[in-house]
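Worksheet: one structure, shown below.
Please treat every number below as a calculation from the coordinates, not as lab data. Small disclaimer: the values here were computed from a predicted structure and weren't measured. All Cβ positions, glycine included, derive from the backbone under ideal geometry; neighbour counts span all protein chains shown.
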Amino acid sequence: MTDIVNAPKPASRRRSAIAPLLNVLRFLLRSPTSAFGLAVIALLVLLAIFAPLLATHDPNVQNLNNVLQPPGGNHLFGTDELGRDIFSRLLHGTRITLNIIFLVTITVGPIGLAVGTIAGYLGGIFDTILMRITDIFLSFPGLILALAFVAALGPSLNNAIIAIALTSWPPIARLARAETLTFRSSDYIAAARLQGASPFRIIMHSIVPMCLPSVMIRLTLNMATVILTAAGLGFLGLGAQPPMPEWGAMIATGRRYMLDSWWLVTFPGVSILLVSLAFNLLGDGLRDALDPKQMNRR
Amino acid sequence: MKSVEVTNLGIALGHGAKAVNILPDVSFTVEQGECFGLVGESGSGKSTVLRCISLLLEHWRGTVKIGGASVRDMGVIERCRTVQMVFQDPYGSLHPRHSVRTVLYEPLRIHNLDRRQERMEQALRDVGLPISFLDRFPHQLSGGQRQRVAIARALILEPDVLLLDEPTSALDVSVQAEILNLLSDLRARRGYTYILVSHDLAVVDYMCDRFAVMRSGEIVEVLDRAALENNSATHDYARELISASIAYDRAS
Ligand SMILES: Nc1ncnc2c1ncn2[C@@H]1O[C@H](COP(=O)(O)OP(=O)(O)OP(=O)(O)O)[C@@H](O)[C@H]1O
Ligand SMILES: [Mg+2]
């Protein structure tokens, strides 16, 4: 634990960049719940990477002589109404889930941060305009708004991702603005202004780093909602289209056979539950790990 | 080095009906190379004067001239290289996530100065910190070391005028003396013009040639350092302040 502090001189430059990350990781692993979340997400990533190797069958090959087989034997999690192997479909579904999370995060994070920090730091007319736009988006429930978007754009996975991204940036912007307001009058911002830094530079160099931890926590906690919304859209037939092995869509088609063949909905359902739970636990862990009061220990 | 002339400086803060006239009308001049003190009770507007001079506050009336040129007419770049400020609280004036290297490198990059490594090392040497501190973060520094970094940040742009807003009031006594020595040492070597805010007359006595006593936004009287010894202030409030301070010194 203390070896970071006493790191040998030559390596200390590089280490000072990685050390905080390692510390956060160590902190997360110390608590069982966030360690569990981290483990599930690591597993999810590994499964997604090696899905083609681990899958026992082709996820899209139908075999009508072999429909609705219960778990066991040749099919670990059984087969669906078209004779496709559910285990293999779940494995390939991890890629879709990760894809959704990744795309939503890389759009929502920067947009929310940019809107929030610009509104908060520049204030005045910028604040009024940006925050009214944010309020408009916030005044609809996320799923309803996403539904409306997908209905307008046409059902497909990409449109579902766009819709989810459009509905999940406003809370991030609100958060970033609130954080910015607490820093904008601080002396280190005044010092940066006295050195001639432009507003853009101050936002990028001084404000964004201060907002980043809470935005990251919020994004992580948000992922559970993103997964559930994506599954919900899939379930309603507005997200991923057949034959894509998206988990929500799998539940939707499995629903008709639920009473006799429980495995059709149970395995995708448990997967969704597990992954969204994992992101929630990780987000909670991050909140503790990135707490400013902990900063002095790092 | 440059002189500072403040004439009829006035500012109201707050909006609409709630606006308060913080500084009704302040004038004073500081010779080049002089250390000029601003003393007064809390809330008397000392920091506000410095914030107006440095243009951190913009909506003021009157004129502020540094070396004969109005600060409003200077470009940003020129102004930054003319006047810099050291803040009261070293715990709040350094960005918690910027290393000392970043703190010192940023101004060099903004002003596009050459020999950057050399300048950073020189700045640290000037304030008596080892070069290895470049890779430290604020939470790895003591209060006195932070204030030294803040001074190095102000000096790295080679300004003519330094505005010091209670640079030692957040530090404990032994560290206070160190920082004050450092500041007067730097002035002796480089001839900076200082405007030093303090509510501690002992600090003013040690550092300043002349000082102004402020009360509720107005300068009551401008005095020489010598006035402290025999309390030759003519204005009642200034006399009271000085005698209270002398009584306090005797008691402690
Ligand atoms: N944004 C603002 N709006 C309204 N009033 C303000 C604002 N900022 C400061 N003031 C008022 O201006 C007055 C002067 O403040 P200033 O910070 O200059 O005092 P000071 O002399 O530096 O005090 P201290 O010794 O406590 O630092 C105070 O009475 C304060 O309440
Ligand atoms: Mg003050």
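Taking DSSP loops as anything outside H, G, I, E and B, show the longest stretch in chain B free of GluC sites (Glu not before Pro) there with at most 15 other beta carbons within 10 Å.
By the stated rule (loop sites, at most 15 other Cβ atoms within 10 Å), B:59-252.
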- Would you mind checking the tilt of helix A:12-30 against the longest principal axis of the Cα atoms of chain A, expressed as 0 to 90 degrees and rounded to 10? 50
- Task: Over all alpha-carbon pairs of the protein assembly as shown, lay out the pair-distance distribution in 20 Å bins, whole %, shortest bin first.
- Result: 18, 39, 26, 14, 4, 0
- About the Cα centre, charge dipole magnitude for the protein assembly as shown (Lys/Arg +1, Asp/Glu -1 at Cβ), debye: 1280
- Message: In 5 Å bins starting at zero, report the fraction of Cα pairs in the stretch A:122-252 per bin as a rounded %.
- Response: 2, 10, 16, 16, 15, 12, 10, 8, 6, 4, 2, 1
- Can you put A:203, A:172 in order, fewest other beta carbons within 10 Å first? A:203, A:172
- Per-residue HN-Hα couplings for the stretch A:170-186 [Karplus 6.51, -1.76, 1.60; θ = phi - 60°; Hz; x = Gly/Pro]: x, x, 5, 4, 4, 4, 5, 5, 4, 5, 4, 4, 6, 9, 5, 9, 6
- Task: Give the share of C-alpha pairs in each 5 angstrom bin for the stretch A:96-187, from 0 to the last occupied bin, in whole percents, shortest bins first.
- Result: 3, 15, 21, 21, 17, 12, 7, 4, 1, 0, 0
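Given the C-alpha atoms of the stretch B:140-252, compute the convex hull and give its volume per residue in Å³.
Numbers: hull volume 13.6 nm³, N = 113.
Dividing the Cα hull volume of the stretch B:140-252 by its residue count gives 121 Å³.
Quote the charge dipole size of chain B about the Cα centre in Debye, to the nearest 20; the model charges only the Cβ of Lys and Arg (+1) and of Asp and Glu (-1).
Details: 28 positive and 32 negative charges, 189 e Å.
Computed charge dipole of chain B: roughly 900 debye.
Considering all projection directions equally, how large on average is the shadow of the alpha-carbon convex hull of the stretch B:14-164, in square nanometres? Walk me through the numbers before you get to the answer.
Working: hull surface 42.6 nm².
Reported value for the Cα convex hull: 10.7 nm².
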- Taking amide hydrogens as modeled 1.01 Å from N in the peptide plane, which residues meet the under 5 Å criterion relative to residue B:220, leaving out close sequence neighbours? B:213, B:214, B:215
- Item | For residue B:10, net neighbour charge (Lys/Arg +1, Asp/Glu -1) across residues whose Cβ lies under 11 Å away | -1
- Looking at B:168, B:137, B:127, which one has the Cα that reaches farthest to the positive end of the dipole of the stretch B:87-233 (charges on Cβ: Lys, Arg +1; Asp, Glu -1)? B:137
- Bounding extents of chain B in its principal axis frame from Cα atoms, largest first in Å, are 52, 44, 35
- D (Stokes-Einstein, µm²/s), Kirkwood Cα radius, chain A, 0.692 mPa s at 37 °C: 153
- Mind checking the angle between helix B:100-110 and chain B's longest principal axis? C-alpha axes, 0 to 90 degrees, to the nearest 10. 90
- Fluctuation leader among B:76, B:100, B:86 - chain B, Gaussian network, Cα springs under 10 angstrom: B:76
